[in-house]
Amino acid sequence: MKRLGLVLEGGGVKCAYQNGVLAVLEAAGYKFDAIAGTSYGAVNAALYLEGKNKRLDEFWSNLSGGKMFNDEKLDDIMNTIYHKDNLATFDNFKFLKSGLNDTTGLINSLTDGYRKTIYDNVNEKAIRNNKCEFYLVTCKMTQTKNLILEGLKKVINPLSIVLDMFKPDYPGRFYQHMQMTPVEISKNEIKKGQIADYVIASASNPPFKPMEINGDKYFDGGAYANCPYETLKKRGYTDLVIIRTNEGDIADSELKLQVIAPQASLGSCALFSIDNIKDLRRKGLMDAIAFMDKMKGDSFFWKKKKKKLLELYK
């Protein structure tokens, strides 16, 4: 019997794109036997296992930078960045100045707010009760190297590691300072009461503090496999649907792949502005509709479902 796996690439806020794609796939009748996710792809996987795309709709339609990081001032800053307005307002200056005065406190606050968001939204019981397999990718920290350079960087510009989040090539430059052991783990291998911990670990991108679990420190799985299709391949899945957050196709002659990817860059992984999230969800919807149009053609039933989707995600 053919088993179908779903792969959700990491990408921070760009994973809102996957919400739009999954709305289309669900309407088209897709059902999955396993889901693998990395970073915020793992967050989406956990939410999807709880309540399919309806649960993703609830999460993403109510999310913002202020809610994500428990600081309402971030909403104005992120919306300003998204709309390319003038960032140099008095309130924004006060917020950035407070970060300069206490970088450690700012990073701790962002980390605590982010973790609370995940803990409040991940339902372990529902995930375990779902027969669909669930795998996520994280990285166990074994040693750091060259962190003197990062320390010097923070002395010179204490907010630089936070502001770097908004650059497209981040966090790749940070990961070069890490030595790690990749961890691909299933829900059945995770101890009771720790699924949310591992979801956080998978999505602990700098500048968030590493997630400590059972005495070990973990950080973002994107440092090893941001698009974890090989996690399912190793477990015998040959038919995969991959929802990317970066441009480009994926080819593997041993697998039957359906890849849905953005047609252009989705921007920063950290720009959790309300308008950006709405735009990303809509882009995912439209790309997935274009993908399904090629398969469904002018089917009356598909056209009817497509019309309803377009009305729901205006």
Mind scanning Lys125/Lys278; Lys84/Lys116; Lys14/Lys303; Lys140/Lys294; Lys54/Lys116; Lys2/Lys306 and naming the pairs with a C-alpha gap bigger than 31 Å?
Lys140/Lys294
In range of the label at Leu310: residues from segment 12-51 whose backbone nitrogen is under 15 Å from the point 7 Å along Cα→Cβ
24
In the P(r) worked out for segment 189-314, what percent of Cα pairs fall beyond 21 Å?
59
Ranked packing of 119-127, 62-70, most packed first, by mean Cβ within 10 Å
62-70, 119-127
Just going by the charge dipole of segment 238-312, with Lys and Arg at +1 and Asp and Glu at -1 on Cβ, which of Gln263, Thr245, Ile289 is farthest out on the positive end?
Ile289
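Each reported figure results from applying straightforward, stated rules to the coordinates on display, with no laboratory input. Everything numeric here is computed off the predicted structure, so don't read it as measured data. Cβ coordinates were reconstructed from backbone atoms using ideal geometry, including for glycine residues, and neighbour counts include every protein chain displayed.
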